[in-house]
Structure formats: C-alpha cells, structure tokens
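Here is the structure we will look at, set down as structure tokens.
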C-alpha cells in the first residue's frame, strides 16, 4: 500500500509496548504523525493537549479500560467528534457492539494486518 502522505495526527493507546511500537511503525511509514499513550489516564491527558485527528484505542487495559476512555471522550463536548477505532483481541461481538453504541466509528482485531488498518484509517479520515 502506498504512503498516505498526510499530516493527520493519530493517538495510539495500548498498554503493551510491542503493540504501540508496531502501530507507530506502520503509521509513521504511512506518513502520519503518531502520539502514544500507555494507559487510559495518559490518553485522556494527551487527547486534551494534542487534539488528535483519530484515536486507535485498545479495549482491554488495566486502570481505565478502553471502554471507559471511549465513554469519557464521547461525553466531552471538546473531544466527542474525534473518531475512535477500537483495537481488540476480544472476539466477543458483544464488546465490539457496545463500543460502537458508545460512539466508536470502527474496530480492528489483533493481530493487526497493515493494509486492513490503513484502509480503515483512510476511510475514517476521508469521511471525518
């Protein structure tokens, strides 16, 4: 897949460094500006400071879960319009459905497939 060559800012939120580094590599190579957060609390701080164009948010994290972070993002007038793609190892449709009901615009399953990820991001950013 070709480089997207844009200046969109993407915040990646995951508690596993390996996942974050993989996503950062894929997104940086595609031309995105990438910020990283290793917890829900850190993510909320960065969201308010950086105003990302898109958030990739892991569902299962210790402390504030991805679902709790999503609920806070979508209940805040300042951040509610930032698109969020949930990232999950969960293959339970109920969790994904709940995230979509709470305002997530899409989801992607782990393990991450590069082209699938970039296609979803492109679709969201081109319609946001």
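Just to be sure I understand the filter: pairs with C-beta atoms under 8 Å, separated by 6 or more residues or on different chains, first member in segment 116-127 and closer than 17 Å to residue 82 by Cα, second member part of a helix (DSSP H, G or I). Which pairs pass?
These pairs meet every condition: 121/27.
Go through segment 20-34 and report how many residues are surrounded by fewer than 19 Cβ atoms within 10 Å (Cβ to Cβ) and either touching a helix residue (DSSP H, G or I) at 6+ places or on another chain (Cβ under 9 Å) or assigned to a helix (DSSP H, G or I) (or both).
Qualifying residue count for the region: 7.
Can you tell me which of (1) touching a residue at least 24 places away in the same chain (Cβ under 8 Å); (2) surrounded by fewer than 18 Cβ atoms within 10 Å (Cβ to Cβ); (3) closer than 15 Å to residue 14 by Cβ is the one residue 41 doesn't meet?
Of the numbered conditions (1) touching a residue at least 24 places away in the same chain (Cβ under 8 Å); (2) surrounded by fewer than 18 Cβ atoms within 10 Å (Cβ to Cβ); (3) closer than 15 Å to residue 14 by Cβ, the odd one out for residue 41 is (1).
I'd like to check something: does segment 77-85 contain any residue that is over 15 Å from residue 47 (Cα atoms), buried (at least 17 other Cβ atoms within 10 Å of the Cβ) and either modelled with pLDDT of 95 or more or within 12 Å of the chain's Cα centre (by Cα) (or both)? Write out each step before concluding.
Let us first name the residues in segment 77-85 that are over 15 Å from residue 47 (Cα atoms), namely none.
Within segment 77-85, not a single residue is over 15 Å from residue 47 (Cα atoms), buried (at least 17 other Cβ atoms within 10 Å of the Cβ) and either modelled with pLDDT of 95 or more or within 12 Å of the chain's Cα centre (by Cα) (or both).
Considering only segment 110-128, state which residues are out of contact with any helix residue (DSSP H, G or I) (no Cβ under 9 Å at 6 or more places or on another chain) and surrounded by 11 or more Cβ atoms within 10 Å (Cβ to Cβ).
Those that are out of contact with any helix residue (DSSP H, G or I) (no Cβ under 9 Å at 6 or more places or on another chain) and surrounded by 11 or more Cβ atoms within 10 Å (Cβ to Cβ): 113, 116, 119, 120, 122, 123, 124, 125, 128.
Among the residues in segment 93-103, are any in contact with a helix residue (DSSP H, G or I) (Cβ under 7 Å, 6 or more places away or on another chain), surrounded by 15 or more Cβ atoms within 10 Å (Cβ to Cβ), under 21 Å from residue 9 (Cα atoms) and modelled with pLDDT of 95 or more?
The answer is yes, given that some residue of segment 93-103 is in contact with a helix residue (DSSP H, G or I) (Cβ under 7 Å, 6 or more places away or on another chain), surrounded by 15 or more Cβ atoms within 10 Å (Cβ to Cβ), under 21 Å from residue 9 (Cα atoms) and modelled with pLDDT of 95 or more.
So, in segment 47-65, how many residues would count as being surrounded by 19 or more Cβ atoms within 10 Å (Cβ to Cβ) and under 17 Å from residue 77 (Cα atoms)?
Residues flagged as surrounded by 19 or more Cβ atoms within 10 Å (Cβ to Cβ) and under 17 Å from residue 77 (Cα atoms) within segment 47-65 amount to 5.
The values are calculated or read from the model by the stated rules, or taken from the named source; none is laboratory data. Nothing here was measured: the structure is a model prediction, and the numbers come from that model. Every residue, glycine as well, gets a Cβ built from its backbone with ideal geometry; the counts of neighbours run over all protein chains shown.
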